[in-house]
Each structure stands twice: as structure tokens, then as C-alpha cells.
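The values are calculated or read from the model by the stated rules, or taken from the named source; none is laboratory data. Predicted model, so just to flag it, every value in this text is computed and none were measured. Neighbour counts run over all protein chains shown; Cβ positions are idealised from the backbone, glycine included. Please note that ligands, DNA and RNA were not included when accessible areas were found on the heavy atoms of the full protein model with its side chains. Shrake-Rupley method; radii C 1.70, N 1.55, O 1.52, S 1.80 Å.
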Amino acid sequence: MKKIMDFMTNKFAPKVNKIVKNPWVASIQDSIMTALPLVFVGSIVTVFSLLNNVFDNLPDFSRISDFSFGMFGLVVSFLISYYLMEKKGNDLKLITGATGLVLFMMLLYPTVTAGDVTFILERFGATGMFLAIVTGLFVGCVMNFAAKRSFFDEDTPIPDFVVGWFNSLLPITFLLLVGWFITVQLNIDFFEIIIYIFSPLAAIVQSYPGFVLSVFIPAFLYTFGISGWVMMPAIYPVYMAGLAENIQATANGQEATNIATQETIYAFSSLGGIGTTFFNINEPLMFGAPVAFNPYLMVPMWINEIIVPSIAYFVMSIGVVNIPTQSFLLWYIPYPIASYLATQDWRAIIIAIAIFVVTWIVFLPFFKAYDNSLLKKEAQEAEVGE
């Protein structure tokens, strides 16, 4: 165990933190975090929609969800380009973000007729997350390259905003020509290509082993002081796309099949925080108890983050609890109420209570062992003091 701790602390953690601080990765993380309030709005609409089961003639707020959660990919396409330029120290971040948004819309492959442009609404949201990431990074890369090669000298008398116009004109033209060439000349639905490329990743995460690993790895890293958000660029788009597919399936009268969603995490797998620590904001416990770098409490946390997603996957796969079909990211709502709201299934309350009992049983002997070690340490310190 000591060798593992030394390796994670001195070799692995520094490398991971270096990756997290990389502008290309950090821009994706920051973009998703910035856009999350849109998903929260969709979650509020989900909670309010439950009242329709009790009261008749309530207003239909689903359109708000369509243009909050349903526009997540569109917003991210702007933000990734923007944040990448900001982290690279370039001034063209606003026009770069706007270009990312425009190219994203071109690559959505709309149907264009005389005086009319028709988009598929679902592509703007979580389903288009992978396209938004690819587009945002590509636009940021081209604009960053161009920003380092100005047409003017630093001491030019031409106003800065005019210099910015000319410096951005060429790369924007190039980017939009790329979009035009793909969608018009080649008549390629690039959205479908991106979905196909990332489908193996989605299939892995949606499988039982993949879902368990997607829950376990962030918790494992967290016990070594590495934020679980480091997994966000890879895992979160899959979770959101999975929910979007569930929503579309139920709207078409089909059954939801994607268990690996953020709603499942909030319903069961992160009961009160990463590692089922029973604190919705669990940093004080993780670093104050501490759980991090504490073998007594790290091990039960690892065990729970294998057991809990296994339980969640099992009960949903056999139909004991509904698979989430509505957005719900109100993580601060107490359990097991959150479990019900995330799944809209009262049986989720029973499963959440059962998970609480199981994880408590797992933690208890390790906690007692840790408590005994502290008592022995206090006794030894008292003897030395005498």
C-alpha cells in the first residue's frame, strides 16, 4: 500500500494535474462547467413537470427545457473556442467563439431550400456534444495559429480593432470554407461521422463494466487528491448524449436503454457525493477527516464505488427502477428525494435506502479500525508527555 501511495503521490498525480492544466483539456472542462446552469434550468422544469401528475391544466414548460438543456451543444461549441483562445493568451476570443458556433451549425447538416433552413433540434443539445468539442477545438487551433501571424507590425498606426478584423478575416474564411466543402461540395453529414467515431466510447461507458469504471475511476483519483472532474471531457459527453437518446426514445414511444447518465449518478452512484460519503459537498470530509491519502478510509470508498454502480445498473437493467428520461442535476437536493426526482420512480427511494445501508456496513469496520488507530496514537502521545 505504501508503494502505491508513493507512486500516486509523486509520479501519477503530478502527470494528471499537468494534463488537467493543459489548455486543450481545460477549455473543455471550463466550457462544460460554464454551461451547466442551462442544464440546471432543465432540471427545474423536470421537477415542475411532476406536478402535472397531481394538478391539471398547468402550463407546459417543456419548451424551456428544449432551449436550455436542448441547446447545450450549441453553447459549448462557442465556449470551447472562446476558452481555448483565452488560455492561449489571444485577444480574438470572442470572434473565435462566434466562429466556432457558426461552423458547428454548418456541420449540423441542415436542410436548405429556397428561403428556408431546417435543423434537427436534437442535434443542438447533448447529442451534439462530441461535434461541439471537435468543432470548438478545431476552430481554436486554426484561430490560435493565425493569431500568431499578424499582417501588421506591433508599432502600426492602424487601430487595434481594424488589425483584429484583418487578422481574423483569413482564418474565418478558411474555417467556413472547410464547413462548406464538407457539407455542400461533398454532401457529407459530418454530425453522423462524429457520432460513428465516438460510438465505441459510448458503447463502452454504457456497458456494465464501463459504467462501473466511469464511477470508480473519479472516486479512486479523488482519494489521491485529484479532482474527479478530470474525467469530465471523456465521460460527461457520453452521459449527456445517453440521456438525450433516452429522451428521444421515450418521445417516440420506445424504451430508454442508456443507464450511464449523470442522472443515474445523482440518483444512486454518488449518494451524497463522490464515494457515497453522505455529504453533498464532501470536500471537507475528503480532506478534513481525511479520506484522501488515508488507507483506512480509501479502501472502503473504492469498494463502495464498485458495489453501488453495480446495484444501480442491475436494478435499472431488470426494470426494478426506471432509467432516467429527464434532465436532473440538482445535486444539492437531499437523498432519497433526489433519487426519486432523477428517476421519477418511487422505487428509487427504496433502492437508495438499501444502498445507504450497504455502504454504511462497508465503511463501518474500516472506520472503527481508523478510530482505534487514533486512540492508540493518542495513548502513546500521552505516555510520552508524562
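Overview of values
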| item | result |
| --- | --- |
| Cα gyration tensor shape of the range 1-144, rounded if a/c is under 1.5, else prolate or oblate by comparing a/b with b/c | oblate |
| CD proxy at 222 nm, helix term only [per DSSP H run n ≥ 4: -39500 (n - 2.57); per residue of the chain; nearest 500] | -21000 deg cm²/dmol |
| Span-like helix ranges in the chain, DSSP H, alpha carbon extent 20 angstrom or more, Kyte mean at least 0.5 | 23-49, 72-87, 93-107, 129-147, 160-180, 190-206, 208-222, 232-251, 295-317, 347-385 |
| Extreme residue, positive dipole direction of the chain, given options V76, T96, F198 (C-beta unit charges) | F198 |
| V358 versus V299: modelled label distance in nm, points set 7 Å from Cα along the beta carbon direction | 2.1 |
| For mean projected area of the Cα convex hull in nm², calculated from these coordinates, the label among (i) 26.7; (ii) 22.0; (iii) 19.9 | (i) |
| Top of S43, S77, S207 by mean-square fluctuation, Gaussian network on the chain, Cα under 10 Å | S207 |
| Trypsin sites (Lys or Arg not before Pro) within the range 19-97: DSSP coil, no more than 11 neighbouring Cβ in 10 Å | K21 |
| Too-long pairs where the Cα-Cα distance tops 29 Å, listed order kept, from K11/K88; K11/K368; K21/K148; K11/K93; K11/K87; K11/K376 | K11/K368; K11/K93; K11/K376 |
| Residue of S27, S270, S62 that the Gaussian network model of the chain assigns the largest fluctuation, springs spanning Cα pairs under 10 Å | S62 |
| Listed residues E283, E381 arranged by accessible area, highest first, probe 1.4 Å | E381, E283 |
| Ranking by accessible area, most exposed first, for L170, L297, L213 with a 1.4 Å probe | L170, L213, L297 |
| Cross-link reach list, aspartates and glutamates versus K15, counting only Cα pairs under 17 Å and skipping chain neighbours closer than eight places | D6 |
| Most fluctuating residue given options S269, S168, S68, as computed from a GNM of the chain linking Cα atoms under 10 Å | S168 |
| The chain, relative contact order in percent, only Cα pairs under 8 angstrom and at least six apart counted | 16 |
